[in-house]
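**Student:** Got a structure for you, written out below as structure tokens; questions coming shortly.
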Amino acid sequence: MELEIMARKKQYNEAEVIEKAMRLFWRNGYESTSVRMLEKEMGINQFSIYSSFKNKEGVFLESIKLYNNQIKTITNTLENSNNGVKGIKEYFLDFLDFSREGAIFKGCLVTNTVNEIKEDSSPVIMAALKRFSLNIRELFVRNLKQDDLRDVKEIEAQADYLMNALLGLSISSKVFKEEQLKDIIKITFLHL
């Protein structure tokens, strides 16, 4: 007697369930999101989550990949910009639109997560978050280099300043009104 073992076919689209998971993490944060919450939001059971993604961390890492792909709509513009500081300022304004859901600003998924998790709680997640941030910083450096008057030390310091400002904007976007946020951006770029 021959046993035939059939692999179970997934009854869901991975891209769709990761989109739902990403939005849940974005709203609630990594630490506050439980596997049960993921099951409900993603519409799949715990077995399917573990089978496809290994664990909550695996779901989150896939969510960060998706977030990175989605934010490319604005990072690609910055990458292709020849406008120096003006291009970076446009990125900040574009970020506000990107992080908006209806009338609410959700901030940045990466910044929100960095604010809530401890560095030693998940080295893999921290590494992914740092990689994401370093990529944005590198885009700032490239755009700042378009101005011949800046030296390397000044560019590096200004890129760090801009990263700090972007992280602050992400947090502020959850508290302040849009006009206030635009004023913050205006002041951020006043002396660059």
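**Student:** Quick one: is residue 187 over 22 Å from residue 26 (Cβ atoms) and exposed (fewer than 12 other Cβ atoms within 10 Å of the Cβ)? Working first, answer last.
**Tutor:** Details: over 22 Å from residue 26 (Cβ atoms): yes; exposed (fewer than 12 other Cβ atoms within 10 Å of the Cβ): yes.
Yes: the conditions hold for residue 187.
**Student:** Does residue 99 count as in contact with a strand residue (DSSP E or B) (Cβ under 9 Å, 6 or more places away or on another chain), more than 13 Å from residue 192 (Cβ to Cβ) and either small (Gly, Ala, Ser) or without any contact (Cβ under 8 Å) to a residue 12 or more places away in the chain (or both)? Walk me through how you get there before you give the answer.
**Tutor:** Values: in contact with a strand residue (DSSP E or B) (Cβ under 9 Å, 6 or more places away or on another chain): yes; more than 13 Å from residue 192 (Cβ to Cβ): yes; either small (Gly, Ala, Ser) or without any contact (Cβ under 8 Å) to a residue 12 or more places away in the chain (or both): yes.
So residue 99 passes the test.
**Student:** Please work out which residue is farthest from the chain's Cα centre (by Cα), limiting yourself to the range 139-171 and to residues that are basic (Lys, Arg) and surrounded by 15 or more Cβ atoms within 10 Å (Cβ to Cβ).
**Tutor:** Ranking the qualifying residues of the range 139-171, first place goes to 150.
**Student:** List pairs: first residue in the range 20-38 and more than 22 Å from residue 100 (Cβ to Cβ), second residue buried (at least 19 other Cβ atoms within 10 Å of the Cβ) and not hydrophobic (A, V, I, L, M, F, W, C) anywhere in the structure, Cβ distance under 8 angstrom, at least six positions apart or on different chains.
**Tutor:** Short answer, once both residue conditions are applied: 34/56; 35/56; 38/56.
**Student:** To continue, here is another question. Criterion first (under 16 Å from the mean Cα position of the chain (by Cα) and within 21 Å of residue 159 (Cβ to Cβ)) does residue 85 satisfy it?
**Tutor:** no
**Student:** Separate question: Could you list, in sequence order, all residues of the range 31-48 that are within 30 Å of residue 94 (Cα to Cα) and open to solvent by 30 Å² or more (accessible area, probe 1.4 Å)?
**Tutor:** Residues satisfying the conditions are 31, 32, 41.
**Student:** Which ones in the range 68-116 are over 24 Å from residue 145 (Cβ atoms) and of a type in the set (Ser, Thr, Tyr)?
**Tutor:** Matches in the range 68-116: 99, 111, 113.
**Student:** Could you list all residues from the range 172-184 that are loosely packed, with under 15 Cβ neighbours inside 10 Å and either of a type in the set (Asp, Glu) or outside any loop (DSSP other than H, G, I, E, B) (or both)?
**Tutor:** Matches in the range 172-184: 178, 179, 180, 182, 183.
Yes/no matrix, rows are residues, columns are (1) more than 23 Å from residue 186 (Cβ to Cβ); (2) modelled with pLDDT of 90 or more:
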position	(1), (2)
93	no, yes
96	no, yes
102	yes, no
114	yes, no
118	yes, no
127	yes, yes
131	yes, yes
144	no, yes
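The values are calculated or read from the model by the stated rules, or taken from the named source; none is laboratory data. Everything numeric here is computed off the predicted structure, so don't read it as measured data. Using ideal geometry, Cβ is built from the backbone for each residue, glycine included, and neighbour counts are taken over all protein chains shown. Just the protein is used for accessible areas: all its heavy atoms, side chains included, with ligands, DNA and RNA removed. Shrake-Rupley method; radii C 1.70, N 1.55, O 1.52, S 1.80 Å.
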